[in-house]
Amino acid sequence: MRKENNMFKKVVLVLLLGCVLSSLVTMECAGQKTVTDKSFQMSGELIGDSTKFVVLRFVDNQGKNITDTCYIKDGRLNFQGNIEQPTLAMLTGRVKTKNYDDPNTIRFFLEPKKMSISVAENNFPGAKITGSDTQRDMDLLSQQNSALLLEVKNLLMKRTIYNNRIKISANKDTIAALKGQRDQLQSKLTAVNKNIKSNQIDFIKNHPKSYASAYLFTEFISDRSIPIFLIKSIYHDFAGDVKESKLGKDNLLRINNRLAADQLALLKNNYSLESVALQNEQNKTVKFNNFIGKSLVIVDFWASWCIPCVKSSPNLKKIYNTYSKDGLQVITVSIDKRNDDWISAVKKNGYDIFVNFRDIPDHLLTIDDLKNPEGIPLSRKWNIDYIPSIILFDKNGSVVSKFDKIDDEYRIIGLEEKIREYYGNGKPNNGNN
């Protein structure tokens, strides 16, 4: 999930669509009202007898997180709400999981106009939506990338098979061979994802009037594999009304943040435990250099509202319980805005076995922020654009590996393999690796 403005996100997704929704407003299914240029109305059909109600989540034009429940009657549904521009939303039925790829979950763009939807139980992603130009553009891009996305799915399945075989194998030569084959799959996966990214950038360039392009563009601003001059050029070519939209203005702030972050990276060694000091759960300021000189140190960036963070927490605890006897230390750094949310999540997720800190309040950087580095959040100093992100340090405080922008399975497996290599058969090797 990407971090933007006081939050990490997969774009605006998590806080818009509902990890933990603050200022939550719950409404009942809307009746027929007049649609204005500051409202939407979506009506349609739901095919299936088991779904008694559906829930629509979105952010209205006042910035409130709305949860609107509509009870199905004669197979019909109807929603209405106040928005001024295309807005990302999520519709759920009888969900089977908390994942975004649940068969009874669909994410799409609302627009301030009349819309229609036809959706079937257990196939919400296949819903037919009309009336939203932004969603039409997103569907067009999905169709263009459909073959690549299917290839990604197949590669992930094959990689999981190799990982499972590695776990149960006891022969070192066999394990080495399996890892080699798995890493070849990972290289193919990286190449396919690169092609998907290239297609998305081409789409953005070719559709400068589309709000969908502005939404996709958000993903790339902090991606340092994309030169800043290209980022600025793409933004320059957006249509005026797209630039003047809320997302367009936010993207300009993100570009300024990227410029400041690039300058910050030149000023000092970002990944250093030496000068870091944060407040722990007892509101005491603790210096990270206290953890240098002992053993491996994991620094895990997370937040209470981040679903992938919560899902990966059992794996992180398992790694700690396995290697803590060798001296492994785990430091968690939350980017939660509210202290109470952080403290509650620490207890709920069993993080009290770790050393826990909360980062200073986050904000998008400007060049002026560089005049006062002490006021810059650690996540910004270390270029953490996604969570969960994990950085592994050796006993001398030097970076061994950084695990971010990758799926949970590969991140955790890669982390554990590095730790296992460092300690070797569960025995510390004094930091020589």
Rounded to 5, percent antiparallel among DSSP beta bridges of the chain: 70 percent
Within region 338-381, backbone nitrogen closer than 12 Å to the virtual label 7 Å beyond the Cα of LYS317 toward Cβ: 346-354
For the chain, accessible area per residue (1.4 Å probe, heavy atoms of protein chains only), Å²: 49 Å²
Peptide ranges 354-361, 160-167, 414-421 listed from the most packed, as the mean C-beta count within 10 angstrom indicates: 354-361, 414-421, 160-167
Using alpha-carbon coordinates, inclination of helix 211-220 to the longest axis of the chain, degrees: 0 degrees
In range of the label at LYS64: residues from region 71-103 whose backbone nitrogen is under 13 Å from the point 7 Å along Cα→Cβ: 81-83
Computed lengthening from THR130 to SER146, 0.36 nm per intervening residue step minus Cα-Cα distance: 3.7 nm
Convex hull of Cα atoms in region 353-417, direction-averaged projection (nm²): 5.9 nm²
ASP326-SER116 pseudo-label distance in nm [points 7 Å out on the Cα-to-Cβ vector]: 6.2 nm
Angle in degrees between helix 307-323 and the longest Cα principal axis of the chain, rounded to the nearest 10: 20 degrees
Burial ranking of peptide ranges 303-313, 372-382, 185-195 (average Cβ count within 10 Å, highest at the top): 303-313, 372-382, 185-195
Folded to 0 to 90 degrees: helix 228-237 orientation relative to the chain principal axis, Cα: 10 degrees
Reciprocal of mean inverse Cα separation for the chain (Kirkwood radius, Å): 23.6 Å
Accessible surface of the chain, 1.4 Å probe, proportion on carbon and sulfur as whole %: 50 percent
Expected 222 nm ellipticity per residue - DSSP helices of 4 or more, -39500 (n - 2.57), all of the chain, to 500: -12500 deg cm²/dmol
P(r) weight above 21 Å for region 139-273, C-alpha pairs, percent: 58 percent
Subset of LYS98/LYS158; LYS52/LYS96; LYS188/LYS311; LYS194/LYS243; LYS205/LYS249 violating a 20 Å alpha-carbon distance limit: LYS98/LYS158; LYS188/LYS311; LYS194/LYS243
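The values are calculated or read from the model by the stated rules, or taken from the named source; none is laboratory data. Please read all numbers here as calculations on a predicted model, not as lab measurements. A quick note on method: Cβ atoms are made from the backbone with ideal geometry, for glycine too, and the neighbour counts reach across all protein chains shown. What goes into the accessible areas is simple: the full protein's heavy atoms, side chains included, and nothing from ligands, DNA or RNA. Shrake-Rupley method; radii C 1.70, N 1.55, O 1.52, S 1.80 Å.
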